[in-house]
Amino acid sequence: MGSDSTLNPDIINNTYFYSKSEFKVFGASVQGVSHRKSNRSCEDAYAFRYAGVYLIIAVADGVSSVNNGGKGAEIAVNGAVDACSEMIRKGETQGELLISEGISAGRKAILDHAYLEGMPLSSYATTLLLVCISENKVFCGHIGDGAVICVKNEDIHILSEPVRCEYANETTVLTGSDWKCALRRSSGECDVVILVTDGCQNALLRRKNAQFFPYNPFILPLVRSLPDYVRKGEDVNQAISDLLFSEKMQALSSDDMTLVIAFKSPGETK
Amino acid sequence: MGLERLEDVVDIPYPQHPHCPTILVLDTSASMSGNKIAELNEGLQILTEELKEDDLAEKRIDLAVISFGKGVELIRPFTGISKFIPPELSAGGYTPMGEAILLAIEVVEKRKAEYREIGTDYYRPWIFLITDGQPTDMRKGDARWQEVVTAVHEGEKERKFLFWALGVDKANMALLKEISPPDRMPLMLKEARWAEMFLWLSKSLSKISDSGIGEQISLESPVGPEGWGVIQL
């Protein structure tokens with residue numbers, strides 16, 4: 001799933017479309033303990049596309065209490081990244097606009113699918129995180145929990161934190177009628193961008209006095225070590241998957257877990 | 001030389017479990033004396049033991065107990081199940097149910113504020129009332145009655161907590177129905193089904209403590225043919 005060439009081809013309308021992005025992206029979605037127990041597949045999803053100067057990444061967490069949450073997550077991430085890359089192909093360069101249209105397209109893709117299947121939109125409830133990363137800048141749109149973390153010169157900050165609902169088993173969703181109010185936009189500078197769903201967000205974020213803080217002892221070693229994996233030709237996606245499946249990570253939550261990380265190719269960092 | 005595994009490279013923090021606060025509001029008036037108070041005490045033992053058997057519930061459920069009889073007393077403040085010691089209740093006195101309900105709501109709100117302050121996630125609290133009689137500290141329509149009914153109904157409507165009322169023996173179910181939230185009828189315990197009721201409570205709390213985002217919990221019905229309770233209309 002990760003990229004391994006400087007020029008990152010993406011096929012749009014059967015033509016190769018070469019990106020100028022220097023970022024590489026790796027990640028994994030793994031089934032959580034509760035879904036293993038109940039024999040449900042992983043209902044997290046992620047997708048990415050390269051287009052122009054941008055790397056576009058979407059991550060979603062299908063709500064487990066509805067019948068088609070996993071499908072909703074899959075449709076949302078693909079709908080959002082496809083829409084963004086198509087807009088870029090047509091000449092759009094404004095990050096904020098890409099985010100708004102991408103989130104909207106992710107929702108519309110679910111709406112269209114639900115209509116065709118004759119199912120209620122709410123049965124596809126999912127969160128959605130969408131980022132468009134250009135040379136050093138990242139634009140973000142976010143509905144629900146999960147988080148986006150940026151690292152710039154080893155300074156870590158939370159670009160988009162989980163939505164604050166009062167109770168632990170509540171969140172906002174892309175399929176809700178109030179999705180426009182629930183959408184939070186942000187932007188920042190970055191060398192590294194990490195997107196996570198709520199299943200593993202507690203490894204990267206800690207809470208104190210009702211505030212979220214990045215948990216640096218997890219984030220910094222991860223950010224420092226992955227370029228070595230790339231240099232040595234290791235399977236980075238598998239390494240992330242193994243990390244998420246590790247006993248300590250699984251103890252953090254019984255939910256599905258997704259962690260996606262984008263960073264500049266080793267040796268190419270400016 | 002191969003690279004270290006990522007799990008050995010990064011520091012994975014200890015889990016911060018969301019907490020599930022539950023408060024039992026128990027009638028210990030004189031009419032509960034004899035078998036009823038004995039079975040209630042036994043039920044508290046069962047509840048505690050069952051929850052301790054569940055790894056996740058043990059980490060997540062915080063239990064508190066208010067008794068109302070000789071007075072209204074918070075006899076167990078919120079305590080994690082691993083450290084919870086069930087009280088040995090004795091019966092006596094009147095039935096100051098109104099004051100006990102108001103205290104339960106206050107204690108729950110205070111607990112939520114503590115969770116927020118330390119940054120702990122939490123589930124919607126449960127208030128679980130058990131009585132065999134009717135309130136002696138309020139009469140239908142008086143100021144205390146209005147205060148209690150409004151606090152329960154508004155609290156439910158605003159999703160501050162879930163309020164359950166359980167009647168035992170000669171409980172005044174008509175009054176309990178008026179106190180209870182309009183969408184949740186009070187339940188009447190079938191004779192000698194105390195153990196089943198506490199097992200149901202334990203299972204229900206375990207399910208909630210393992211629930212994920214947006215998950216709607218399907219609790220076992222307590223009022224089926226095999227259930228421990230009935231709804232008296």
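Points worth noting:
- Residues that are away from chain B (no Cβ under 12 Å) and in contact with a Phe, Trp or Tyr (Cβ under 9 Å, 6 or more places away or on another chain), drawn from the range A:175-187: A:185, A:186, A:187
- Residue in the range A:217-227 that is surrounded by the fewest Cβ atoms within 10 Å (Cβ to Cβ), counting only those that are facing chain B (nearest Cβ under 9 Å) and in contact (Cβ under 8 Å) with a residue 24 or more places away in the chain: A:220
- Residue, surrounded by the fewest Cβ atoms within 10 Å (Cβ to Cβ), within the range B:121-138, restricted to residues that are under 27 Å from residue A:166 (Cβ atoms) and touching a Pro at 6+ places or on another chain (Cβ under 7 Å): B:121
- Search result, residues across the range A:244-269 that are touching a residue at least 60 places away in the same chain (Cβ under 8 Å), crowded, with 23+ Cβ neighbours inside 10 Å and facing chain B (nearest Cβ under 7 Å): A:255
- Of all residues making up the range A:172-199, the number that are touching a helix residue (DSSP H, G or I) at 6+ places or on another chain (Cβ under 8 Å), farther than 21 Å from residue B:159 by Cα and either free of Cβ contacts under 8 Å to residues at least 40 places away in the same chain or part of a loop (DSSP other than H, G, I, E, B) (or both): 3
- Meets criteria (in contact with a Leu (Cβ under 6 Å, 6 or more places away or on another chain) and either assigned to a loop (DSSP other than H, G, I, E, B) or β-branched (Val, Ile, Thr) (or both)) for residue B:87: no
- Just one residue in the set A:202, A:169 is within 14 Å of another protein chain (Cβ to nearest Cβ) and not in a helix (DSSP H, G or I); that residue is A:169.
- Of the criteria (1) in contact with a Phe, Trp or Tyr (Cβ under 6 Å, 6 or more places away or on another chain); (2) under 30 Å from residue A:252 (Cα atoms), which one residue A:60 fails: (1)
- So residue B:199, is it under 28 Å from residue B:226 (Cα atoms) and crowded, with 16+ Cβ neighbours inside 10 Å: yes
- Residue B:183 vs. criteria surrounded by 21 or more Cβ atoms within 10 Å (Cβ to Cβ) and over 16 Å from the mean Cα position of the chain (by Cα): no
- When residues of the range B:66-83 are limited to those that are closer than 22 Å to residue B:131 by Cβ and without any contact (Cβ under 8 Å) to a residue 40 or more places away in the chain, the one farthest from the chain's Cα centre (by Cα): B:71
- Residue B:62 meets all of the listed conditions (1) over 18 Å from residue B:198 (Cα atoms); (2) of a type outside the set (Gly, Ala, Ser); (3) within 14 Å of chain A (Cβ to nearest Cβ) but one, namely (1).
- So residue A:161, is it surrounded by fewer than 17 Cβ atoms within 10 Å (Cβ to Cβ) and not β-branched (Val, Ile, Thr): no
- Subset of the range B:2-45 that is β-branched (Val, Ile, Thr) and within 8 Å of chain A (Cβ to nearest Cβ) - its residue that is farthest from residue A:225 (Cα to Cα): B:12
Every number here is computed from the coordinates shown, using simple stated rules; none is lab data. Everything numeric here is computed off the predicted structure, so don't read it as measured data. As a convention, Cβ positions derive from the backbone with ideal geometry for all residues, glycine included, and neighbour counts pool all protein chains shown.
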